[in-house]
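The values are calculated or read from the model by the stated rules, or taken from the named source; none is laboratory data. For clarity, every value in this text was computed on a predicted model and none was experimentally measured. No Cβ is skipped: glycine too gets one built from the backbone with ideal geometry, and neighbour counts run over all protein chains shown.
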Amino acid sequence: MSLLDALLRQGALRPIDHALAQSLRRLDGGEVDDRVLVAAALASSAVAQGHAGVELAQPQRVCDAAVEWPSADEWETVLRASHWVAQPDAATVSVQAPLAIERGMLYLRRYREYERRLASGLRRIAEAPADVGDLHVLAPLFATLFPAAREGDRQARAAALALLRSLLLVTGGPGTGKTTTITRVLLLLIAQARMAGHAAPRIALAAPTGRAAERMAESLRAATAGLRTCDGIDAAWCDALPDSASTVHRLLGTIPDSTRFRHDADHPLPFDAIVVDEASMVDLPLMCKLVEAVAPGARLILLGDRDQLPSVEAGDVLAAITDAAGDGDALPASLSSALSPLLGEVPSLPESALAPLSGHRVQLQRGYRQARSLDLAPLADAMRAGDADTVLHLLREGPAGVRFHEDVADPLAGAARETLLAPWRALSALRDPDVALKHAAKLRVLTALRDGAQGASSLNQRIEEALAGAQRDPYFHGRLVLVTENSYRHGLFNGDIGVCQHDDAGIPVAWFAGGPEGVRGFHPASLPAHTGAFAMTVHKAQGSEFDSVWLVLPRQDARALSRELLYTGITRARRELHLCVSDPVLRAALARHASRASGLAWRLRG
Ligand SMILES: Nc1ncnc2c1ncn2[C@@H]1O[C@H](COP(=O)(O)OP(=O)(O)OP(=O)(O)O)[C@@H](O)[C@H]1O
């Protein structure tokens, strides 16, 4: 039996991956080498799993079937001999073959092109000199905004670098002050322009989902309000700060029925500074299109947490840029002396000893937001490090706000049931949509998987049944719904959560936050695609936070489990975390990385 047939028989390929292989076979009159067909199917499957392509030395990362794989060398030789496979070098565009091979990785050609274009776009921005003006003029304001600047404060370092660099990546866990810092950077840019008698820079804020954009704008407004109370800050500078954020799609301008956007390299975005939050969620094609649309001379600032899950779609863009930028502790000597008016002495190394994008990244380390009632930091650190013994030890000790439901696979059975359901039962008695939405944002069940007995879909159904019975109205009063596609017509976006209520006449209305009155109502029949929202996957919850999180992991290990998934899940909690998992599943999850096969890091390293 051919390898392709063996994979098909084991159910290891999606029909669409197999169809790609079959179409190559048909076009070649059945003559094509089985190993080429298998590689094509895997390259297609790899993209669906978030990889940019398939590494020939590690096909198991894409497909863990019980088959004997060709050796990487032999496979590469066969592929290089095939006319379906282009062999570009790093700088060239691949020709019209559907596949491309480079550095032992087989790509669908389009994804290899996204990588190449993204790397070249990022380098273009990184190499452009930033319009920095005289830093001595800004020094007093800088010292007001960052009083600890000369004591090694990372936020100050990020702000100073943002002035000197056109491309900056600010990474850090939740509440490490990424938004606060960037608000101050934007204020510095505004003040600098105004002091020089210029117009304030045009600034855009964006995030990958509507919810994340809303949160970003909220944090920015809070940071701006704080700045207004500081001495030495002109209110007019604060007035020039943006107070809203859009999705990256909306910023770029979607074109109906097209994967292209209104803004691209030929029609760049009309902004001098673009800040993108939750950058770990931006996939390869979207980041490529965004970077290409950044106007010559404009700044691009990416904010994100590299330890979180990578984007659902192909790419691990934030991780690749982070790798190419190094840890950011030491700066190139020329940069460190340029920054001395603001930061004093900064450790430096000769340019040749540093990563190519060094000086373009700062990792913020200190968390400021943590509620006193929740002591998550040591647990989050141990999870990030994959240190299972420490994680289990901490969980069993029970840090403040953390409840470990060891071996509980079903929170709806047994003692936990009523604790979990009580806040949602209260929703049925609330009449004011605004109050209900705020209440709804308090609690969420998060799962690793969408399907299966412990997946989000099934848990949702069971929670809905527990709240409103088996014969329930599909839009019962108090039901939570999660929008699963972007609808610009409605102003509703993938990830938005609404609450259903019945008005006095018994008509169901689904309410969402936003609009001039704070809430917007829609008839449920008119909603874009949506699902229940009492339970959702950790992936869907990225970019959101809840007062109380129940993270429920499967009874058995699964490939979707990873330390990044656990870390992302637990850091969605603001006040209280419940974790349902067994010792062996937790250990297996922590031993696995959610990393993605990608050539972006080496392309950026040049
Ligand atoms: N240097 C600081 N001193 C005191 N408080 C700070 C400092 N930096 C940030 N904070 C506070 O910490 C909280 C979190 O800050 P911020 O929202 O900027 O973090 P973030 O990293 O953007 O968070 P997230 O990842 O959740 O978006 C805010 O309440 C902010 O006021």
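Taking the stretch 384-401 as the range and being assigned to a helix (DSSP H, G or I), under 17 Å from Ala591 (Cβ atoms) and away from the ligand (no atom under 16 Å from the Cβ) as the test, the residues that pass are Ala385, Ala388, Asp389, Thr390, Val391, Leu392, His393, Leu395. Number of residues in the stretch 211-220 that are away from the ligand (no atom under 11 Å from the Cβ) and surrounded by fewer than 21 Cβ atoms within 10 Å (Cβ to Cβ): the value is 1.
Reported count of residues in the stretch 256-287, each being out of contact with any Gly (no Cβ under 7 Å at 6 or more places or on another chain), more than 14 Å from the ligand (Cβ to nearest atom), within 21 Å of Thr209 (Cβ to Cβ) and outside any loop (DSSP other than H, G, I, E, B), is 3. Condition check for Gln365 on (1) of a type outside the set (Gly, Ala, Ser); (2) in a helix (DSSP H, G or I); (3) within 16 Å of the ligand (Cβ to nearest atom): one failure, at (2). If you go through the stretch 130-147 and keep only what is outside any helix (DSSP H, G or I), under 18 Å from Leu331 (Cβ atoms) and within 16 Å of the ligand (Cβ to nearest atom), you end up with just Phe146. Taking the listed residues Asp583, Asp547, Asp503, the one that is free of Cβ contacts under 8 Å to residues at least 12 places away in the same chain, surrounded by fewer than 20 Cβ atoms within 10 Å (Cβ to Cβ) and farther than 29 Å from Met105 by Cα is Asp503, with no other qualifying. For the stretch 296-305, a residue qualifies if it is away from the ligand (no atom under 11 Å from the Cβ) and closer than 19 Å to Thr180 by Cβ, and the qualifying residues are Arg299, Ile301, Leu302. Determine whether Asp451 is under 23 Å from the mean Cα position of the chain (by Cα), without any contact (Cβ under 8 Å) to a residue 12 or more places away in the chain and surrounded by fewer than 16 Cβ atoms within 10 Å (Cβ to Cβ). Criteria met by Asp451.
Quick grid of which residues meet (1) at pLDDT below 90; (2) under 27 Å from Arg559 (Cα atoms); (3) part of a helix (DSSP H, G or I); (4) in contact with a helix residue (DSSP H, G or I) (Cβ under 8 Å, 6 or more places away or on another chain):
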{"position": "Leu7", "(1), (2), (3), (4)": "yes, yes, yes, yes"}
{"position": "Leu20", "(1), (2), (3), (4)": "no, yes, yes, yes"}
{"position": "Val36", "(1), (2), (3), (4)": "no, yes, yes, yes"}
{"position": "Ala90", "(1), (2), (3), (4)": "yes, no, no, yes"}
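Remark: pairs (first residue in the stretch 217-228, closer than 19 Å to Ala204 by Cα; second residue more than 9 Å from the ligand (Cβ to nearest atom) and of a type in the set (S, T, N, Q); Cβ separation under 6 Å; 6+ apart in sequence or on different chains) = Ala217/Ser244. Could you tell me how many of the residues in the stretch 495-540 are more than 23 Å from Asp243 (Cβ to Cβ) and assigned to a loop (DSSP other than H, G, I, E, B)? Looking only at that region, the number is 11.
Take Glu74 and decide whether it is within 18 Å of Leu4 (Cα to Cα) and free of Cβ contacts under 8 Å to residues at least 60 places away in the same chain.
It is true that Glu74 is within 18 Å of Leu4 (Cα to Cα) and free of Cβ contacts under 8 Å to residues at least 60 places away in the same chain.
When the stretch 229-245 is filtered for residues that are touching a residue at least 60 places away in the same chain (Cβ under 8 Å) and more than 15 Å from the ligand (Cβ to nearest atom), the ones remaining, listed by number, are Asp231, Gly232, Ile233. Among the candidates Val95, Val47, the residue that is aliphatic (A, V, I, L, M), modelled with pLDDT under 95 and either within 27 Å of Ile321 (Cβ to Cβ) or over 32 Å from the mean Cα position of the chain (by Cα) (or both) is uniquely Val47. From the list His523, His578, the lone residue that is over 21 Å from the mean Cα position of the chain (by Cα) and without any contact (Cβ under 8 Å) to a residue 24 or more places away in the chain is His523.
If we keep just the residues of the stretch 189-210 that are crowded, with 21+ Cβ neighbours inside 10 Å and assigned to a helix (DSSP H, G or I), which is farthest from the ligand (Cβ to nearest atom)? Restricting to residues being crowded, with 21+ Cβ neighbours inside 10 Å and assigned to a helix (DSSP H, G or I), the top hit is Gln192. Applying the set (1) touching a residue at least 40 places away in the same chain (Cβ under 8 Å); (2) touching a strand residue (DSSP E or B) at 6+ places or on another chain (Cβ under 6 Å) to Pro508 leaves exactly one unmet item: (1).
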